[in-house]
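Have a look at the structure below before the remarks.
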Amino acid sequence: DPKIIQKPKYLVAVTGSEKILICEQYLGHNAMYWYRQSAKKPLEFMFSYSYQKLMDNQTASSRFQPQSSKKNHLDLQITALKPDDSATYFCASSQVGGHNNQAPLFGEGTRLSVL
Amino acid sequence: EQQVQQSPASLVLQEAENAELQCSFSIFTNQVQWFYQRPGGRLVSLLYNPSGTKQSGRLTSTTVIKERRSSLHISSSQITDSGTYLCAKRGSALGRLHFGAGTQLIVIP
């Protein structure tokens, strides 16, 4: 029973189009993140959100925009898609604050292919 | 600069053999996390080991801060251990992990 739900699992897009990757977590966590894993690079951090506010952005391109409509949602909008954006995008979450220091828990990922 | 280096890149073992995976860091860290990535992609946290030796079942991790390295020992490997093992260093920013490229482990009968 997955507690971090990512949709869709697979996504094929054409160059120049726009897609939204969905992430919902049902763990009651107060922080959510996006990571990207491509064939060329190790898993890399993209964004962190806490209480629906952007805390850290390590993505150079403004084509990647996280969207948080609810505290347990963190979607990722990608515009003007390029073939280099092809990767698996992982959503993660954790509880932070106080004495909490747990590592993020990860969803199953959305595998994006841009043609 | 790649902050986390893992070796070997791949490893093939026969069932019941032991595996030793290595992770080294470009800077000192006391926040080391080991993950297992299943074929198909899901990441599972295995061990958090800031320093010294930590054990969980057949897994034993040893982190030596002053040498900027951590290792993961898998004893009596099983076919179901096959997959990619990722080492990560926790960054200073919220939820940020710096991952290595991983060690792909294949266990054969």
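The values are calculated or read from the model by the stated rules, or taken from the named source; none is laboratory data. Computed from a prediction, not measured in an experiment: that's the story for all the values here. So basically every Cβ, Gly included, is an ideal-geometry build from the backbone, and we count neighbours across all protein chains shown.
Some observations on this one:
- Looking only at residues of region B:1-11 that are among the hydrophobic types (A, V, I, L, M, F, W, C) and surrounded by 13 or more Cβ atoms within 10 Å (Cβ to Cβ), we find that the one that is farthest from the other protein chains (Cβ to nearest Cβ) is B:11.
Each row is one residue, and each column tells you yes or no for (1) over 14 Å from the mean Cα position of the chain (by Cα); (2) of a type outside the set (D, E, K, R); (3) more than 14 Å from chain A (Cβ to nearest Cβ).
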position	(1), (2), (3)
B:25	no, yes, no
B:36	no, yes, no
B:60	no, yes, yes
B:86	no, yes, no
B:98	no, yes, no
B:104	no, yes, no
B:109	yes, yes, yes
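- Any strands (runs of 3 or more DSSP E) falling wholly within region A:6-65 and containing at least 2 residues that are more than 11 Å from chain B (Cβ to nearest Cβ): A:10-13, A:19-25
- Boolean, residue B:29 is under 30 Å from residue A:50 (Cα atoms), among the β-branched types (Val, Ile, Thr) and part of a loop (DSSP other than H, G, I, E, B): yes
- Taken over region A:66-115, the criterion of being within 14 Å of chain B (Cβ to nearest Cβ), touching a residue at least 60 places away in the same chain (Cβ under 8 Å) and out of contact with any strand residue (DSSP E or B) (no Cβ under 8 Å at 6 or more places or on another chain) is satisfied by A:97 alone.
- Test for residue A:45: is it in contact with a Gly (Cβ under 6 Å, 6 or more places away or on another chain) and either at pLDDT 85 or above or under 21 Å from residue B:87 (Cα atoms) (or both): no
- Within region A:7-62, the only residue that satisfies the criterion of being under 11 Å from the mean Cα position of the chain (by Cα) and of a type in the set (Gly, Ala, Ser) is A:48.
- Annotation note: Cβ proximity below 6 Å between a residue of region B:39-58 that is more than 14 Å from chain A (Cβ to nearest Cβ) and in contact (Cβ under 8 Å) with a residue 24 or more places away in the chain and a residue that is surrounded by 13 or more Cβ atoms within 10 Å (Cβ to Cβ) and part of a strand (DSSP E or B) (sequence gap 6+ or interchain) occurs for no pair.
- Within region A:72-115, the only residue that satisfies the criterion of being under 14 Å from the mean Cα position of the chain (by Cα) and farther than 24 Å from residue B:40 by Cα is A:72.
- Region A:51-76, subset among the basic types (Lys, Arg) and surrounded by 14 or more Cβ atoms within 10 Å (Cβ to Cβ), residue farthest from residue A:92 (Cα to Cα): A:63
For every residue, the table says whether it meets (1) within 28 Å of residue B:3 (Cα to Cα); (2) out of contact with any helix residue (DSSP H, G or I) (no Cβ under 8 Å at 6 or more places or on another chain).
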residue: A:10; (1), (2): no, yes
residue: A:15; (1), (2): no, no
residue: A:30; (1), (2): yes, yes
residue: A:50; (1), (2): yes, yes
residue: A:61; (1), (2): yes, yes
residue: A:74; (1), (2): yes, yes
residue: A:83; (1), (2): yes, yes
residue: A:93; (1), (2): yes, yes
